[in-house]
Structures are given as C-alpha cells and as structure tokens.
Amino acid sequence: MKSGTRPLLLMLAFLLGAKALGLLPQSRELEEWKLVTSLALDTGEEAVTATALTGVRTTEEEEPETFSGEGASLAEACAALRQNSSRRAYLGQTQQLLLGEGQDLQAAMDFVLLSREVRTDTLLYIVKGEAGAALSASADKVGAETGGQDPRGRTVGELLPRLSEGEYTLTPALKPDEKGLLAPAGWAVLGPGGVADYLEGDAALGADLLTGLGTDQTVTLPGGAVQLTSVRIWAKGGKLCCALTARVAQGTPGAADLEDWGAEKLKAALAYGWDCWGLRRGLAALEPWTWESWREADISALQVEVTGKLVGEHGGE
C-alpha cells in the first residue's frame, strides 16, 4: 500500500464510523433549522430578552415567525431561543441586530465577538423603546425587506474600531411609528459609554451629508426643487468644507439657495459637538504637528463653507 493512500483510508474509515454513530449532521437537519435574519436584544429589570425573526423560504411558502427567550445574560437569552423553538434557531444568517433602549452596548458587542454564530458583518440598529416588541409588530415588513441593501447600514465590524479607540461613531436609529412598525429615526451617537445621543431632523440630514449620503434625495429650495447628485466633504485649515452638486427638478432655484440649505444642515449636526466623522483627525492630517490643538477642539465652532453647483435645464449646464 502506498504511503499516501493510508491517511485517506483512515479518514474515510473515521467518517464512515462517525456517520454510523450519528455524529455528522444529516441533510435533513438543515431543513429543521430556523434561520434567524433579525435579532432584537432588550435588557429589563429582571432578565435579558432576545427576540428572533426567521427568514422566509419562498419555495416552502413560509411566513415570517418571531419567538423569544429570556436569561440572565445575552448568551443565556439566545440559548433559550433554541429551547422555545421546535426547530433549532440558527443565528449565523442574522443580518440585523436591534438593540433596545437600555441595552448595554458593550455587552452586545462582546456577545457578537464571542458568539460562534452571529457575524461581525451584521448590521447594528438602535431602537428607541423596546426592540423585541417593535420587531414582532414589524415581522411582515422586516421579513419582506430582509436581504435588501440599507445605504445607512453600519455593521458591528465597521463600528468596533472607533469604539475601541474611545471615539464616537454613528449607527441608524429606529422607532415605532403610529402603527407600531419600525421606522427610521435619524442616527444614534455611539461612544465609549454606549448610546450618547440621537441626531434627528436637520441634524440627521447634516449627518447624512457628513457621512457621504444624501444623494438622490429631493431638496425643496425657495426657488424650486433639486435632486442631490454628489456630496463631497473635507476638513482643512480649521474649516469644514462641503461641495454639493444637484440637478434641477422643478422651478428656478439658485446655487446660493443650495449652499444655504447645506450649511444649515451641517451646522445642525455639528451643534451637538460629537465628532463621529473623524473631523479633528482630518483637520490635522496635512499638519500633524497641530494634532494636540485639535484633539479636544469643539467641532461645533468649526466654520462651515459650502459650495453649490446646479445642473439641468435651469442650472446652467
């Protein structure tokens, strides 16, 4: 017998023995799993509650299903999910992690890092109120949206670096609407101590611009309406600079109106004083010897300079 053949025969014998003893997963076991696509975590006075929403397999005409588990910790609560389900709950397909108000952010991050199933590319959302109840009420809506792309989405892996350095960052916030269904609610400011604040209204729109989002939205200006097509942000010389390009959609708006709109939104976001975009580092990037002066600088005092360009029928191009 050739020396290279013996290891293969030993491996084959091992696999056959393991299969006979039932140690290997059977193909039917995959069909018995409940694939969780959204997971909500809430910490109450007495216990931690994990609420799961299952994915929908259209070939089997399934409907979204929610179920929950409680425990003294996040790990125990998620373990209880499996006990409260006729099929094993599998968290490895979780696409959205929803944290309710009062849920310890660090504990949730540690849970993801230590979990053998939940991945760091799971999108993180902060829910104003009880996340589990809102997810259950929104099961059909969230189930239909699962698998789509959220341009505002931030994964656990994207958020961890800034948080681990003691800096602040943003993740989308949600809240129940008048029907109890989950709806966008601006941004949640995350920091070393957890959720530090929320940016809503004009501040949320300014945060969109600072994050490089906001394109394709229609903006109403005094002279008409435009559709944003490009947003560019940079910090230099003690100023926050922004270049906006928009296509005229209605009326005869002026570039100055677009500039005033952009400046108003940016100032609203900066007014909270949270540097969630690394602006201080950007200001010192070209002049590193000035870093110490910018390290604790008040970003709400930054001068904002916006340039606007209109294109289209009435925009001059």
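The values are calculated or read from the model by the stated rules, or taken from the named source; none is laboratory data. All values reported here derive from a predicted model rather than from experimental measurement. Cβ placement follows ideal geometry from the backbone for every residue including glycine, while neighbour counts extend to all protein chains displayed. SASA here: full protein model, heavy atoms, side chains in, ligands and nucleic acids out. Shrake-Rupley method; radii C 1.70, N 1.55, O 1.52, S 1.80 Å.
Details
- Residue match in region 152-169 (condition: part of a strand (DSSP E or B), at pLDDT 95 or above and touching a Lys or Arg at 6+ places or on another chain (Cβ under 6 Å)): yes
- Cβ-Cβ contacts under 7 Å between residues 6 or more apart (or on different chains), taken from a first residue in region 174-198 that is basic (Lys, Arg) to a second residue that is crowded, with 21+ Cβ neighbours inside 10 Å, are listed as 175/127; 175/185.
- Matching residues in region 254-268 - criterion: being aliphatic (A, V, I, L, M) and over 10 Å from residue 304 (Cα atoms): 255, 256, 258, 268
- Qualifying residue in region 153-167 (condition: in contact with an Asp or Glu (Cβ under 7 Å, 6 or more places away or on another chain) and either among the β-branched types (Val, Ile, Thr) or under 21 Å from residue 39 (Cβ atoms) (or both)): yes
- Residue count for region 250-295, restricted to those that are closer than 14 Å to residue 240 by Cβ, open to solvent by 60 Å² or more (accessible area, probe 1.4 Å), at pLDDT below 90 and hydrophobic (A, V, I, L, M, F, W, C): 1
- All conditions but one from (1) surrounded by 13 or more Cβ atoms within 10 Å (Cβ to Cβ); (2) closer than 27 Å to residue 193 by Cα apply to residue 229; the one that does not is (2).
Okay, residues lined up against (1) within 14 Å of residue 188 (Cα to Cα); (2) in contact (Cβ under 8 Å) with a residue 24 or more places away in the chain; (3) in contact with a His (Cβ under 9 Å, 6 or more places away or on another chain):
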{"residue": "115", "(1), (2), (3)": "no, yes, no"}
{"residue": "120", "(1), (2), (3)": "no, yes, no"}
{"residue": "125", "(1), (2), (3)": "yes, yes, no"}
{"residue": "129", "(1), (2), (3)": "yes, yes, no"}
{"residue": "138", "(1), (2), (3)": "no, yes, no"}
{"residue": "150", "(1), (2), (3)": "no, yes, no"}
{"residue": "161", "(1), (2), (3)": "no, no, no"}
{"residue": "168", "(1), (2), (3)": "yes, yes, no"}
{"residue": "171", "(1), (2), (3)": "yes, yes, no"}
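- Any chance residue 202 is on the phi > 0 side of the Ramachandran plot and open to solvent by 50 Å² or more (accessible area, probe 1.4 Å): no
- Looking only at region 81-120, and only at residues there that are in a loop (DSSP other than H, G, I, E, B) and open to solvent by less than 60 Å² (accessible area, probe 1.4 Å), the one that is nearest to residue 170 (Cα to Cα): 103
- Residues of region 177-191 satisfying the condition of being surrounded by 19 or more Cβ atoms within 10 Å (Cβ to Cβ) and either more than 17 Å from residue 204 (Cα to Cα) or touching a Cys at 6+ places or on another chain (Cβ under 9 Å) (or both): 182, 187, 189, 190
- Some residue of region 46-65 being among the small types (Gly, Ala, Ser), within 19 Å of residue 115 (Cα to Cα) and at pLDDT below 90: no
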